[in-house]
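Report on the following structure.
The values are calculated or read from the model by the stated rules, or taken from the named source; none is laboratory data. Note that the coordinates shown come from a computational prediction; the quantities given were computed from them, not determined experimentally. A quick note on method: Cβ atoms are made from the backbone with ideal geometry, for glycine too, and the neighbour counts reach across all protein chains shown.
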Amino acid sequence: MTSVPKFDQVKVGEELKPLVLPPVSRHQLALYCGGSGDHNPIHVDLDFAKKFGFKDVFAHGMLSMAFLGRLVTGYAPNNRVRKLGTRFTSITWVGDVITVSGKVTGKREENGEKLIDLEIKCTNQNGQDTLQGHATVAAV
Amino acid sequence: MELDKKLIGHTFKPFTTTVEAGKIRLFCKAIGEEDPIYTDEAAAKSAGYRGITAPLTFLRALQADDPNKGGLLRLLNVDIGLILHGEQHFEYFAPVVVGDKVTCQEKVVDIYDKKGGALWFVVQEMEMKDQTGKLVAKGKGVTVVRNPDAAKK
């Protein structure tokens, strides 16, 4: 179980423990298609993807955002997360190995809560960022 | 292709969906999430939740329960093969758990283009309320539409 971060012990600049994921597989995209309710064929049907000018199917942006979510809920419990957001900056292809990383960028108090701001991202095996995101969690 | 900026302000019909354990289980399998608070009621309760909890980005899967799914594409008259997800943001006010009846309301808040109309951006905001009417989350998404005519110029 994830414990709640202690505000006084958190240091701006400190890094979260990165998450290195298994290579994205077609099977995973099929599971996410069903599991997320996002049935866009571009993520699972090669013929469809090619028809729209792509070399292959590619991962749902929201699959990678779920990886960001996993990183954040590994740092603070689900019910302490106040914000999670991202830009999708490049496509994640089948076979890509995604590393999710993050660091503390700020500490502040707002509405009686002790908040910690995080910068989080997904990076592929070539060192290219695929998602550039942010999160805010409430500490104690 | 040009998107109609008069659609800014369009509000979609709200819908209500029930948070289901089986859907969360499949979602967790797909994303590799193994924390038992997402699958085991006893574990969730001992961690301080009302019940089996929705992962942070499962809210988007709840949005996909819309009985009028695909409404944005029909509104814009855009083929699904032309869209990409540009941005997604959530604000959380309370956890959503299995059994909750969540009402989602979405609207179009902006439409603009870049690169001389080669790419169009549609910004949508979403509000989610639980069965008591309490606001549990807000979402903001940016859908990117690739203009199929751009390459022909």
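Checking each residue in the range B:21-31 for being more than 7 Å from every other protein chain (Cβ to nearest Cβ) and of a type in the set (Gly, Ala, Ser) picks out B:Ala21, B:Gly22.
Quick grid of which residues meet (1) surrounded by 15 or more Cβ atoms within 10 Å (Cβ to Cβ); (2) modelled with pLDDT under 95; (3) of a type in the set (Val, Ile, Thr); (4) touching a helix residue (DSSP H, G or I) at 6+ places or on another chain (Cβ under 8 Å):
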position	(1), (2), (3), (4)
A:Val12	no, no, yes, no
A:Leu16	yes, no, no, yes
A:Ser25	no, no, no, no
A:Leu31	yes, no, no, yes
A:Ser36	yes, no, no, yes
A:Asn40	yes, no, no, yes
A:Val44	yes, no, yes, yes
A:Phe52	yes, no, no, yes
A:Arg70	yes, no, no, yes
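For the range B:44-102, a residue qualifies if it is at the interface with chain A (Cβ under 9 Å from one of its Cβ atoms), of a type in the set (Val, Ile, Thr) and either part of a loop (DSSP other than H, G, I, E, B) or closer than 21 Å to B:Gln124 by Cα (or both), and the qualifying residues are B:Thr57, B:Ile80, B:Ile83. Can you find a residue that is free of Cβ contacts under 8 Å to residues at least 40 places away in the same chain and either over 14 Å from the mean Cα position of the chain (by Cα) or within 14 Å of chain A (Cβ to nearest Cβ) (or both) anywhere in the range B:9-20? Taking every residue of the range B:9-20 in turn, none turns out to be free of Cβ contacts under 8 Å to residues at least 40 places away in the same chain and either over 14 Å from the mean Cα position of the chain (by Cα) or within 14 Å of chain A (Cβ to nearest Cβ) (or both).
Which residues, counting only those in the range B:94-153, are among the acidic types (Asp, Glu), under 19 Å from B:Asp79 (Cβ atoms) and touching a helix residue (DSSP H, G or I) at 6+ places or on another chain (Cβ under 9 Å)?
Correct list: B:Asp149 only.
Within the range A:82-104, residues that are farther than 13 Å from A:Gly133 by Cα have Cβ atoms under 9 Å from residues that are surrounded by fewer than 17 Cβ atoms within 10 Å (Cβ to Cβ) and of a type in the set (A, V, I, L, M, F, W, C) in these pairs: A:Arg82/B:Phe93; A:Ile91/A:Phe54; A:Ile91/B:Leu84; A:Val97/A:Val20; A:Ile98/A:Val20; A:Thr99/A:Val20, counting only partners at least 6 apart in sequence or on another chain. Please specify each residue of the range A:72-99 satisfying the condition of being among the β-branched types (Val, Ile, Thr) and either away from every other protein chain (no Cβ under 11 Å) or not in a strand (DSSP E or B) (or both). Scanning the range A:72-99 gives A:Val72, A:Thr73, A:Thr89, A:Ile91, A:Thr92, A:Val94, A:Val97, A:Ile98, A:Thr99.
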